[in-house]
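The values are calculated or read from the model by the stated rules, or taken from the named source; none is laboratory data. What you see is a predicted model; the values in this text were computed from it and never measured. Here the Cβ positions follow ideal geometry from the backbone for every residue, glycine too, while neighbour counts run over all protein chains shown.
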Amino acid sequence: MKIRRILFNIDAILATFALAMLWGNITLQIILRQIFNRPLMGADEFTMFLVAAVIITPMGSLEKEKGHIVMEELLKILPETVIKILRFLISLSTTVIYFLLAVSVFNVIRYNPHIVTAMLRMPIWLFFLPCAIGFFGILIIRIITHICFFLKKELPWA
């Protein structure tokens, strides 16, 4: 049961680890630049990578916990039937967008395996890995949510 919970939340665990690394990277960069007058080479590129990892990687976990920001003020003035239709259309259209993003990231990784980043010489597949984890994670959560909705089943994480 514990292993299942860890696997189910691996994206949030990776994002937390990336946040700790981001904090350490920035702290080290400040110390090296301000005290020793020696900037850390590649720190800016590594920071961009870690920021993407912190923001995009946990998208699936946020979706499971309904942690996204939702603007529902306009929906409250509409009839209940229209609200249900709009919520379904929004959910379906964003699922399609997540699918397109996941396929795009997959294609970038697939068709550019030999490309490396400029400063750190990091393989492009590694640089785009947080995007792949995030977009595929939220896509899988959305698909499971839609299947459970149509089959009138309880969500596995509920």
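Identify all residues within region 34-57 that are within 17 Å of PRO130 (Cβ to Cβ) and of a type in the set (S, T, N, Q); write none if there are none.
Once the filter is applied, which keeps residues that are within 17 Å of PRO130 (Cβ to Cβ) and of a type in the set (S, T, N, Q), region 34-57 yields THR47, THR57.
Every residue in region 52-84 that is of a type in the set (A, V, I, L, M) and exposed (fewer than 12 other Cβ atoms within 10 Å of the Cβ), please.
The answer is ILE69, VAL70, MET71, LEU74, ILE77, VAL82.
In region 115-125, which residue that is without any contact (Cβ under 8 Å) to a residue 60 or more places away in the chain and in contact with a helix residue (DSSP H, G or I) (Cβ under 8 Å, 6 or more places away or on another chain) is surrounded by the fewest Cβ atoms within 10 Å (Cβ to Cβ)? Steps first, please.
As a first pass, look at region 115-125 and keep what is without any contact (Cβ under 8 Å) to a residue 60 or more places away in the chain: 115-116, 121, 123-125.
When the remaining residues are screened for being in contact with a helix residue (DSSP H, G or I) (Cβ under 8 Å, 6 or more places away or on another chain), the result is 115-116, 124-125.
Values: ILE115: 12, VAL116: 15, ILE124: 16, TRP125: 16.
Among those that are without any contact (Cβ under 8 Å) to a residue 60 or more places away in the chain and in contact with a helix residue (DSSP H, G or I) (Cβ under 8 Å, 6 or more places away or on another chain), it is ILE115.
Given the criterion modelled with pLDDT of 85 or more and under 30 Å from ILE140 (Cβ atoms), identify the matching residue among ILE35, ILE10, ILE31.
Result of the check over ILE35, ILE10, ILE31: ILE10.
Out of the residues in region 55-87 that are of a type in the set (Asp, Glu) and under 24 Å from PRO156 (Cα atoms), state the one that is modelled with the highest pLDDT.
So, considering only residues that are of a type in the set (Asp, Glu) and under 24 Å from PRO156 (Cα atoms), the one modelled with the highest pLDDT is GLU63.
Could you identify the single residue in SER91, SER104 that is under 16 Å from LEU62 (Cβ atoms) and of a type in the set (Gly, Ala, Ser)?
Only one candidate passes the filter, namely SER91.
So, ASN25, is that one at pLDDT 90 or above, surrounded by 12 or more Cβ atoms within 10 Å (Cβ to Cβ) and of a type outside the set (Ser, Thr, Tyr) or not?
yes
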